[in-house]
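The values are calculated or read from the model by the stated rules, or taken from the named source; none is laboratory data. All figures in this text were calculated on a predicted structure; none of them were measured in a lab. Here the Cβ positions follow ideal geometry from the backbone for every residue, glycine too, while neighbour counts run over all protein chains shown. What goes into the accessible areas is simple: the full protein's heavy atoms, side chains included, and nothing from ligands, DNA or RNA. Shrake-Rupley method; radii C 1.70, N 1.55, O 1.52, S 1.80 Å.
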Amino acid sequence: MSECLMTAAAAAEAAARVMARCDALAEISETPGELTRVYLSPELLRANAMVGKWMTAAGMKVWQDSVGNICGRYEGQQVGAKALLLGSHLDTVRNAGRYDGMLGVLTAIETVQYLHDRGERLPLAIEIIGFCDEEGTRFGITLLGSRGLTGTWPESWVDHPDANGITVAQAMKNCGLNADRIWQSARDVEDFVAYLELHIEQGPCLEQEQLALGVVTAINGAHRLNCRFVGEAGHAGTVPMSHRKDALAAAAEWMVYIERRTPQVGPQLVATVGTLQCQPGAVNVIPGDVALSLDVRGPEDGPLSALLADLLAEGEAIAQRRGISFSAEEFYCIAATACDAELQAALTRAVVQVQGRSVSLPSGAGHDAIAVAERWPSAMLFVRCDRGISHNPAESVTTEDVAQAVQAYVQVVNEVAGGA
Ligand SMILES: [Zn+2]
């Protein structure tokens, strides 16, 4: 096996800088002692400015686009060359961890710093983007940054209010942006050949594999439904067991089926009943009406639809057997986002080079890559995080893992941008 482009010593130095910068960004928060940085807030603009300085120091031309993404470009061998786009987000949930999003932006800057330190130009330019809103914390609508890049903001978004009744358009005005110029953040399809996003895993799979890095196969699709069993309420003392139409017993039977059946349909599928309301809800009354939610997710739409159909058919069968009724109504659905096969292969080669073997895994959480993949071939690299904890101040990664991440990122950027 040949050596990595970036030495372990150089990677350790870069990783230490990434960790220090994650700490510095974590100080930019609207809530003292916690990390909260939402879209179009003064804190987000300060974070943009700080990241912009680091991009400049890495030899990049820097600008903030019309929706508030911070962007940097490191020219290729020919000025105006197509670019490989790297990025992630700089906004956070409330009381967030300091690596979700930021790690992807800062490791990307290190890959450019590596080139800049050597005075190297690749055939492709490298662009980095720090997306301004992935989490949707402030306005309840998500991916505003990446949908600015793809030019797919629905018209209604500018009128969308935050919790204080401030619309997106007003909030833009308040921080010096102009809602009439949102379209300017959209980039031409020809500008980029591909998008790569490095992110913490936010789950426990890499930790179980004892690996620092893994390659994402797809971002899970999801269906959410409101379901209901309706039987007949009755006296808990007088109705014999054989005459009951117990909606809660039916729901319980269905839930056990869901738990058992889901991994049989596919090892990467997950299904959750997260809420349950039982009526009338008294100790001496047979439950007559149970409302429950169902959330199913998976990396491929086909098996996911098959699972959902299977679970709903069983809900119906249980209801029929018990002489009661079952209904289900879908209120949310998002298709799975497959990662580009060639980019996955390139990432896998880079990861194998760095840590000896690679593992492929789906992403259970949503990412900017969902939006970007609609326009450009996209793929993601995951970094192990402590116990899979995320969206939590306890979110944690090790400097050693980050060093491997930077090494792999340098490797894959060189390959995809044509240097290797
Ligand atoms: Zn994230």
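Brief remarks on what is shown
- Test result for L312, open to solvent by 40 Å² or more (accessible area, probe 1.4 Å) and part of a helix (DSSP H, G or I): yes
Matching residues to (1) touching a residue at least 60 places away in the same chain (Cβ under 8 Å); (2) more than 20 Å from D188 (Cβ to Cβ); (3) part of a loop (DSSP other than H, G, I, E, B); (4) in contact with a Gly (Cβ under 9 Å, 6 or more places away or on another chain):
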residue	(1), (2), (3), (4)
Q78	no, no, yes, no
A81	no, no, yes, no
S88	yes, yes, no, yes
Y99	yes, yes, yes, no
T111	yes, yes, no, no
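- Selection from the range 329-356 of residues that are within 22 Å of T111 (Cβ to Cβ) and assigned to a loop (DSSP other than H, G, I, E, B): C339, D340, G356
- Test: T36 is in contact with an Asp or Glu (Cβ under 9 Å, 6 or more places away or on another chain), modelled with pLDDT under 95 and surrounded by fewer than 23 Cβ atoms within 10 Å (Cβ to Cβ): no
- If the condition is being within 16 Å of the ligand (Cβ to nearest atom) and over 13 Å from the mean Cα position of the chain (by Cα), then the range 104-113 contributes V105, L106, T107, A108.
- Every test in (1) over 16 Å from A218 (Cα atoms); (2) open to solvent by 10 Å² or more (accessible area, probe 1.4 Å); (3) touching a residue at least 40 places away in the same chain (Cβ under 8 Å) is passed by V406 save one, and that test is (2).
- Within the range 126-142, considering residues that are of a type in the set (A, V, I, L, M, F, W, C) and not in a loop (DSSP other than H, G, I, E, B), the one nearest to N95 (Cα to Cα): F131
- Residue, nearest to the ligand (Cβ to nearest atom), within the range 126-141, restricted to residues that are of a type in the set (V, I, T) and over 22 Å from R46 (Cβ atoms): I141
- Taken over the range 194-204, the residue count meeting the criterion of being more than 16 Å from the ligand (Cβ to nearest atom) and within 25 Å of P154 (Cα to Cα) is 1.
- Candidate set: the range 357-371, residues that are within 12 Å of the ligand (Cβ to nearest atom) and in a helix (DSSP H, G or I); chosen: the one least open to solvent (accessible area, probe 1.4 Å): A369
- For the range 257-302, the set of residues classified as open to solvent by less than 50 Å² (accessible area, probe 1.4 Å), assigned to a strand (DSSP E or B), closer than 21 Å to A336 by Cβ and touching a residue at least 60 places away in the same chain (Cβ under 8 Å) consists of S293, L294, D295, V296, G298, listed by residue number.
- Lone unmet requirement of (1) farther than 21 Å from C22 by Cβ; (2) within 24 Å of the chain's Cα centre (by Cα); (3) surrounded by 16 or more Cβ atoms within 10 Å (Cβ to Cβ) for G388: (1)
- Residue in the range 114-125 that is open to solvent by less than 10 Å² (accessible area, probe 1.4 Å), within 13 Å of the ligand (Cβ to nearest atom) and not in a helix (DSSP H, G or I) present: no
- Scanning the range 229-256 for residues that are part of a helix (DSSP H, G or I) and free of Cβ contacts under 8 Å to residues at least 40 places away in the same chain returns M241, S242, H243, A252, M255, V256.
- Close Cβ contacts (under 8 Å, 6 or more residues apart or on different chains) running from residues in the range 355-381 that are closer than 11 Å to C339 by Cα and of a type in the set (F, W, Y) to residues that are away from the ligand (no atom under 15 Å from the Cβ) and open to solvent by 20 Å² or more (accessible area, probe 1.4 Å) comprise W376/V189; W376/V193.
- Scoring V412 on the criteria (1) open to solvent by 10 Å² or more (accessible area, probe 1.4 Å); (2) away from the ligand (no atom under 15 Å from the Cβ) leaves a single failure, condition (1).
- Given (1) surrounded by 15 or more Cβ atoms within 10 Å (Cβ to Cβ); (2) touching a strand residue (DSSP E or B) at 6+ places or on another chain (Cβ under 6 Å); (3) among the hydrophobic types (A, V, I, L, M, F, W, C), number of the condition W254 does not satisfy: (2)
- Test: residue in the range 335-354 that is within 27 Å of H391 (Cα to Cα), surrounded by fewer than 15 Cβ atoms within 10 Å (Cβ to Cβ) and within 21 Å of the chain's Cα centre (by Cα): yes
- Qualifying positions in the range 127-161 - more than 15 Å from the chain's Cα centre (by Cα) and open to solvent by less than 20 Å² (accessible area, probe 1.4 Å): E127, I128, I129, F139, G148, L149, T150
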